[in-house]
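The values are calculated or read from the model by the stated rules, or taken from the named source; none is laboratory data. None of the values given here were measured: they were computed from a predicted structure. No Cβ is skipped: glycine too gets one built from the backbone with ideal geometry, and neighbour counts run over all protein chains shown.
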Amino acid sequence: MDKLIKWLKHEGIEVYFVDMEEVGLCLVNSNTILISNLYNELTQLKAIRHELKHFDHKDYIYLYDQFVYHSKMEYEAEQNVVKESLNEYIAFLDGDIEKVNYLKFLEDYELDSNYAPYVIQLLTKMKLRIPKNNLENSENCIAIHGFVK
Ligand SMILES: [Zn+2]
């Protein structure tokens with residue numbers, strides 16, 4: 001979590017830990033995220049990942065009070081939690097996507113099992129993006145077609 005907070009500071013976003021009931025709050029216009037002291041580290045980390053996404057909504061934040069947009073923004077923020085947590089989980093597995101057990105992942109990160117299809121979708125995309133021995137294959141291409149610069 002320290003690494004994420006440092007990175008955010010570098011990006012111009014300050015994270016403050018305060019006493020409040022709400023797990024996290026995003027003060028979009030002052031580039032600030034407030035995180036509650038009352039929760040454990042995993043919950044706080046997920047809250048940061050959630051609130052962070054709301055900065056992408058900055059230009060539409062006036063729509064936040066409208067139910068449909070509110071739901072959409074909240075859903076996107078929650079998807080960001082799943083996505084960033086999955087990236088971290090994969091890093092723990094030395095980047096081996098094949099080792100990911102999505103149910104265990106959801107359980108370890110205390111995420112709703114409703115996100116299972118989304119996790120599967122993310123994993124499928126990742127597998128398509130990084131074919132095995134990708135680098136070797138491209139080198140082979142260059143070796144065979146010597147004219148390729
Ligand atoms: Zn939110």
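Does at least one position in the range 111-126 carry a residue that is outside any helix (DSSP H, G or I) and at pLDDT below 95?
no
Just a yes or no: is a residue in the range 50-57 part of a loop (DSSP other than H, G, I, E, B) and within 16 Å of the ligand (Cβ to nearest atom)?
No - not one qualifying residue is present in the range 50-57.
Looking only at the range 62-78, which residues are within 11 Å of the ligand (Cβ to nearest atom) and more than 21 Å from D112 (Cβ to Cβ)?
Passing the criteria: only Y64.
Taking the range 33-47, which residues are under 16 Å from E21 (Cβ atoms) and among the basic types (K, R)?
Across the range 33-47, there are no qualifying residues.
Going by what's in this entry, would E22 be described as within 12 Å of the ligand (Cβ to nearest atom) and farther than 18 Å from N80 by Cα?
Judged against the criteria, E22 is a match.
Within the group E41, E22, E107, which residue is within 25 Å of E11 (Cβ to Cβ), charged (D, E, K, R) and surrounded by 11 or more Cβ atoms within 10 Å (Cβ to Cβ)?
Step by step, each of E41, E22, E107 is checked, and only E22 is within 25 Å of E11 (Cβ to Cβ), charged (D, E, K, R) and surrounded by 11 or more Cβ atoms within 10 Å (Cβ to Cβ).
Among (1) in a helix (DSSP H, G or I); (2) in contact with a Gly (Cβ under 6 Å, 6 or more places away or on another chain), there is one condition I35 misses while meeting the rest; what is its number?
Failed condition: (1).
How many residues, within the range 44-59, are surrounded by 13 or more Cβ atoms within 10 Å (Cβ to Cβ) and more than 14 Å from the chain's Cα centre (by Cα)?
Residues in the range 44-59 being surrounded by 13 or more Cβ atoms within 10 Å (Cβ to Cβ) and more than 14 Å from the chain's Cα centre (by Cα): 1 in total.
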